Amino acid sequence: MSLLPNNATKSEFGLEAATERLEQVPVPTGDLWNPEHCPAALLPYLAWALSVDVWRDSWSEAEQRAIIAKQYEIHAHKGTIGALRQALDGLGYHLKVVEWFEQEPVGEPCTFTVEAEISTSGLDATKQTLVEQTIAATKNVRSHLSSLKLVGRSDGVGYLGISTTTGDVITVFPPVTKTIDQQSCWYTGVCNSYQRDTVTIFQRSA
């Protein structure tokens, strides 16, 4: 059923027929805001909408989705040490934040250090710049990065084997002849004998 008047042009009727099919075109609005289901081509726009501070188009799709997924927690606690750890974890590197009062000896107040565990890939200048930019965008204004420490780490595979045994220990001694004691028992029976007397009483005559 058309809502156009009878004097509508053919172009208007054609435009109406074309727009009727738009209702059948799915619009996954919820997926566009979901970092797990958003189309890969739209991830940069989603990152912009969620105010991602540090972004690289050279990141893999999995890395981009991981960074976007952490933005809610980061912005909800931005300026705290927890948000800083969340942002650094999203980079995919093994990084550890150590505040000044956790250092030995105690460091300068309102400072912190970042320890980066590096393996064979290392931490080049590009990655170091990325880490520093992430820290600057997430930390609070009061705190300052005092040093970035690199800690070497090597991974390996170790094998540990454990076995158990069970059994019985039987000791067999040589035969030994022993003296056999023989004992005899004698039984004695005792009985009582008795004597019986018979008395006859006769009646006395008158």
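Things to note:
- Filter pass, ALA18 being assigned by TED's automatic domain parsing to the domain that holds GLU117 and in a helix (DSSP H, G or I): no
- Selection from region 115-146 of residues that are modelled with pLDDT of 85 or more and in contact with a Ser or Thr (Cβ under 8 Å, 6 or more places away or on another chain): ASN140, SER143, HIS144, LEU145, SER146
- Of all residues in region 147-162, those being at pLDDT 75 or above, part of a loop (DSSP other than H, G, I, E, B) and not aliphatic (A, V, I, L, M) number 3.
- Among all positions in region 45-61, there is no residue which is among the polar types (S, T, N, Q) and either in the same structural domain as LEU148 (by TED's automatic domain parsing) or not in a loop (DSSP other than H, G, I, E, B) (or both).
- Some residue of region 122-143 being assigned to a strand (DSSP E or B) and surrounded by fewer than 16 Cβ atoms within 10 Å (Cβ to Cβ): no
- When we screen LEU3, LEU15 for residues that are out of contact with any Pro (no Cβ under 9 Å at 6 or more places or on another chain), surrounded by 13 or more Cβ atoms within 10 Å (Cβ to Cβ) and over 26 Å from LYS127 (Cβ atoms), the only hit is LEU15.
- Subset of region 68-80 (residues that are within 14 Å of ALA137 (Cα to Cα) and within 22 Å of the chain's Cα centre (by Cα)): GLN71, ILE74
- Per the conditions (1) within 25 Å of SER143 (Cα to Cα); (2) without any contact (Cβ under 8 Å) to a residue 60 or more places away in the chain, the sole criterion not satisfied by ASP57 is (1).
- Single unsatisfied condition, GLU104 versus (1) part of a loop (DSSP other than H, G, I, E, B); (2) touching a helix residue (DSSP H, G or I) at 6+ places or on another chain (Cβ under 9 Å); (3) among the acidic types (Asp, Glu); (4) more than 17 Å from THR138 (Cα to Cα): (2)
- Restricting GLY79, GLY92 to those that are assigned to a loop (DSSP other than H, G, I, E, B), under 25 Å from LEU46 (Cα atoms) and touching a helix residue (DSSP H, G or I) at 6+ places or on another chain (Cβ under 7 Å) reduces the list to GLY92.
- Some residue of region 161-171 being outside the structural domain of TRP55 (by TED's automatic domain parsing), surrounded by fewer than 16 Cβ atoms within 10 Å (Cβ to Cβ) and either under 23 Å from the mean Cα position of the chain (by Cα) or closer than 30 Å to TRP33 by Cβ (or both): no
So that you can scan it fast, the table gives a plain yes or no per residue for (1) assigned by TED's automatic domain parsing to the domain that holds GLN128; (2) closer than 30 Å to VAL151 by Cα; (3) surrounded by fewer than 15 Cβ atoms within 10 Å (Cβ to Cβ):
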{"position": "PRO28", "(1), (2), (3)": "no, no, yes"}
{"position": "ASN34", "(1), (2), (3)": "no, no, yes"}
{"position": "ARG65", "(1), (2), (3)": "no, yes, no"}
{"position": "LEU84", "(1), (2), (3)": "yes, yes, no"}
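The values are calculated or read from the model by the stated rules, or taken from the named source; none is laboratory data. Remember, it's a predicted structure, so these values are computed and weren't measured experimentally. Cβ: placed from backbone, ideal geometry, glycine included. Neighbour counts: every protein chain shown.
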